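Quick notes on the structure that follows.
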Amino acid sequence: DGDVFKYYADGEWKKSSSGKAVSIINPTTRKTQYKVQACTQEEVNKVMETAKAAQKSWAKTPLWKRAELLHKAAAILKEHRAPIAEALIKEIAKPAKDAVTEVVRSGDLVSYCAEEGVRILGQGTFLVSDSFPGNERTKYCLTSKIPLGVVLAIPPFNYPVNLAVSKIAPALIAGNSLVLKPPTQGAVACLHMVHCFHLAGFPKGLISCITGKGSEIGDFLTMHPGVNCISFTGGDTGIAISKKAGMIPLQMELGGKDACIVLEDADLDLVAANIVKGGFSYSGQRCTAVKVVLVMESIADTLVEKVKSKVAKLTVGPPEDDCDITPVVSESSANFIEGLVMDAKQKGATFCQEYKREGNLIWPLLLDHVRPDMRIAWEEPFGPVLPVIRIGSVEEGIHHCNASNFGLQGCVFTKDINKAMLISDAMETGTVQINSAPARGPDHFPFQGIKDSGIGSQGITNSINMMTKVKSTVINLP
Ligand code: G3P
């Protein structure tokens, strides 16, 4: 069937023997936009076998050659930005400009990873024994970093390309092979991206992209004995994966409830700009979106007014028109967001705008006077709805932030750097941004969540290191 995108295995584009397809619904039209292969467990087994075989010779390929291929893939990726961005628009309703930015950022990430890889993987350590009590200088220890084997990459729908390459590039530069399981929404963008790696000329079987239903191949993939490392970004599924996975390194990023703490001395225009950008970019569908504003009562009215006037300027509509607010990824997501809004309404939150929804399109909404008994005070809407909680003290803000089961990022706005540092120390999150909204990038910065927000740390350098293991050789002198 020519209408169904093929999956990628053993250096070729293939049809699944299942004869079945998975439909990708365009969030804007709510009609089927694309179809991808519904791969079988048998096909997963084959992919794992070829990945294992390809990895053996890839690990022996000189590091500079691996880097060269990655640089080539990065250039091809950037050249192919248009068709990939088109898929992002149709599959996940990403605004047109952001869709292009995602691809370009991904190309830059791949290049940077190649550069960083040749530096950090080109070095090992050398230790001598006589620094430890009781030892003579009779043992020399040489260490280097070796690959783990087969890395399974599972990116989320919101950055299917960027969060795929942020796993693919470190895995490959470090000498691993890679199996990609794209999200259903975003699978076609991933297939296009993988095509760029195909064109770059990587060895057969080194990269594969297997599409299908999570219910059929999800657990099978994550529990597969051939997998030596899982890098996952997404939601609760990550918690389930971590419980089922074998004794292998895991890298996980599972969302957040990023708090924005605003002190009385803050520059409120700067705060308002960051709240709107942080809270409403890609309609709030970012792990690092501002998800709760904790503002000192004395300045709350002024800040809310400033945010309201900026929200009023956001454009709402289809991603093709590059609107700021576009339809959320699925109907079930829109229903979930609506559930949070209705709960807040029932419990007395102040609506700064009228709640409006058409299909999957939800108009931006700021909810003031939110209290801790409302679901939206704690849950992650992953939509263009932002709660404001008024606080009487900084301690109250920190307490709310730390009472969350999430701990991805947070931000604090104040002109007092000493206060900012103390608050940063007190906030139990992987990163605290001072005077800016949370964000993962630049992509070489460490990126990590604590508590239910994740395991390990990402960012280019940390990912390369995470996808390797230290190997020692000890020379024993007579
Ligand atoms: O939601 C995924 C997370 O990685 C966000 O990235 O670049 O929007 O901060 P970014």
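Being within 16 Å of the ligand (Cβ to nearest atom), at pLDDT 95 or above, of a type outside the set (Ser, Thr, Tyr) and under 28 Å from Thr222 (Cα atoms): is that true of Pro170 here?
yes
With the checklist (1) more than 15 Å from the ligand (Cβ to nearest atom); (2) among the charged types (D, E, K, R); (3) more than 22 Å from Ile241 (Cβ to Cβ) in hand, flag the one item Lys451 doesn't pass.
(3)
Scanning the range 361-392 for residues that are out of contact with any Pro (no Cβ under 6 Å at 6 or more places or on another chain), assigned to a loop (DSSP other than H, G, I, E, B) and touching a residue at least 40 places away in the same chain (Cβ under 8 Å), which turns out nearest to Val271 (Cα to Cα)?
Ranking the candidates gives Gly392 first.
Between a residue in the range 434-451 that is assigned to a helix (DSSP H, G or I) and at pLDDT 95 or above and any residue that is of a type in the set (Gly, Ala, Ser) and more than 10 Å from the ligand (Cβ to nearest atom), which pairs come within a Cβ distance under 7 Å, given they are 6 or more apart or on different chains?
Within 7 Å, the pairs are Lys451/Gly407.
Is the range 194-205 home to any residue that is part of a strand (DSSP E or B) and in contact with a helix residue (DSSP H, G or I) (Cβ under 6 Å, 6 or more places away or on another chain)? Break it down into steps so the answer makes sense when it comes.
Residues of the range 194-205 part of a strand (DSSP E or B): none.
Within the range 194-205 (the criterion being part of a strand (DSSP E or B) and in contact with a helix residue (DSSP H, G or I) (Cβ under 6 Å, 6 or more places away or on another chain)), the answer is no, since none of the residues qualifies.
Output the residue which, of all residues in the range 410-433 that are touching a residue at least 40 places away in the same chain (Cβ under 8 Å) and among the β-branched types (Val, Ile, Thr), is nearest to Gly279 (Cα to Cα).
Val412
Looking at the structure I just gave you, is Ser424 among the hydroxyl-bearing types (Ser, Thr, Tyr), more than 16 Å from the ligand (Cβ to nearest atom) and surrounded by fewer than 22 Cβ atoms within 10 Å (Cβ to Cβ)? Full working, then the answer.
Details: among the hydroxyl-bearing types (Ser, Thr, Tyr): yes; more than 16 Å from the ligand (Cβ to nearest atom): yes; surrounded by fewer than 22 Cβ atoms within 10 Å (Cβ to Cβ): yes.
The answer is yes for Ser424.
Quick check on the range 260-288: of everything there that is of a type outside the set (Ser, Thr, Tyr) and in contact with a Ser or Thr (Cβ under 7 Å, 6 or more places away or on another chain), which residue is nearest to the ligand (Cβ to nearest atom)?
My answer is Asn274.
The values are calculated or read from the model by the stated rules, or taken from the named source; none is laboratory data. Please read all numbers here as calculations on a predicted model, not as lab measurements. No Cβ is skipped: glycine too gets one built from the backbone with ideal geometry, and neighbour counts run over all protein chains shown.
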